[in-house]
Amino acid sequence: MMPSYVTSLQDGSFESKRHALEHTLANCTLCPRECGVDRTAGERGYCNADVRMKIASWGAHHGEESPLVGTHGSGTIFLSHCPLRCIYCQNHDISIEGHGVHCSIDDAASMMLHLQGQGCHNINLVTPTHYTPQLVGAVGIAAHQGLRLPLVWNCGGYESFATIRNLDGIVDIYMPDVKYASTELATAYSDAPDYFERCIESLYEMHDQVGDLVVENGLATRGLLIRHLVLPGHVDDSKCVVDAVAELSDDSYLNIMEQYRPCHHASCYPGMDRHVMDKEVREVRAYARERGLRRTTT
Ligand code: SF4
């Protein structure tokens, strides 16, 4: 299947979307924080990213979901900084402290082509939201030089509807987290009271664009792959997340993840200072099956 961005480049729609996104950087509303800072003038908002892209690492990654990994891995590019500051973040050195190396748009395009040359099955952009215009620019350059892999948008779920709209015809596979349904949890753990509302409206837009996950010969080519990390003591909220995903589509691909551990500031929060229990994860997975989700972690 031809990646969406190739078709958009051919029909001219890619360039207008890239322009609209680039324009946003001067009054940044790329994510729901809507800081309004001028990143082109060096200002920084909540995510602490300036206009220069910063990349923490890149390479073939074999730890993602099997339809992304295949035999040669997912071509992963980890971006530094993040619009969320989750108190339990496992990558806080990258996302909150901002470790990484400044890279030009041309550098990022070269990385994508290199990953394709290594045999990776897709380009997997991890925490891309705050660098959306720069990454779209890099995809355009790389596509002109022969990039033909599906583009994976691996994001935290706290997304701006307008930004996602501008990715229509550019992204092939959306891979958002749905972290919480509860306003209280989203406020306490990610300082984002409107997390669920923003996440769900973006999720529906993503689904309208790409549909449920399509897997051909064991590899994802297009669609929506949703992730949810079960938190200790919050099975009821996980069930509300499952309800929302089930309402979207019976064919939703939902990875219910079990790897929570108390990282970053989690040990300061009562109840978050322990690993999640197997029985908690099993209960959420069983509930997903009860709700009719056929494509979920067992
Ligand atoms: S991407 Fe960063 S600067 Fe822009 S609105 Fe979001 S948090 Fe603010």
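Quick notes on this one:
- Carbon/sulfur fraction of accessible area - the stretch 4-296, other protein chains in place, 1.4 Å, %: 48
- Normalised by the number of residues in the chain, the average gap of Cα pairs under 8 Å and 6 or more apart makes the relative contact order 16 percent.
- Comparing Cα centroids, the stretch 48-62 and the stretch 280-298 end up 33 angstrom apart.
- Mean separation of Cα pairs under 8 Å and 6 or more residues apart, divided by the residue count, gives the stretch 1-134 a relative contact order of 25 percent.
- With respect to the chain, whose longest principal axis is taken over its alpha-carbon atoms, helix 13-24 is tilted by about 70°.
- Around the amide H of LEU79, modelled in the peptide plane, lie the amide H atoms of ALA56, VAL126, all under 5 Å away and 5 or more residues distant in sequence or on another chain.
- Cα-based Rg of the chain normalised by 2.2 N^0.38 Å, two decimals: 0.95
- Electrostatic dipole magnitude of the chain [Cβ: Lys, Arg +1; Asp, Glu -1; Cα centre; debye, to 20]: 520
- Ligands, DNA and RNA aside, CYS86 has an accessible area near 10 Å² when probed at 1.4 Å.
- Between the C-alpha center of the stretch 132-153 and that of the stretch 168-203 there is a gap of 24 Å.
- Accessible-area value, ASP273, 1.4 Å probe, nucleic acids and ligands omitted, Å²: 90
- Lysine pairs in the stretch 4-296 with Cα atoms under 29 Å, if 8 or more residues apart or on separate chains: 6
- Taking Lys and Arg as +1 and Asp and Glu as -1, the other residues whose beta-carbon sits under 11 Å from that of PRO3 total +1.
- For the stretch 157-264, the relative contact order works out to 28 percent when only alpha carbon pairs closer than 8 Å and six or more residues apart are counted.
- Once the 1.4 Å probe is applied to the protein heavy atoms, the stretch 4-296 comes out at 40 Å² accessible per residue.
The values are calculated or read from the model by the stated rules, or taken from the named source; none is laboratory data. Keep in mind that what you see is a predicted model, and the values were worked out from it rather than measured. Ideal geometry is used to build each Cβ from the backbone, glycine not excepted, and the neighbour counts take in all protein chains shown. The protein model used for the area step is the full one, side chains on, heavy atoms only, and it has no ligands, DNA or RNA in it. Shrake-Rupley method; radii C 1.70, N 1.55, O 1.52, S 1.80 Å.
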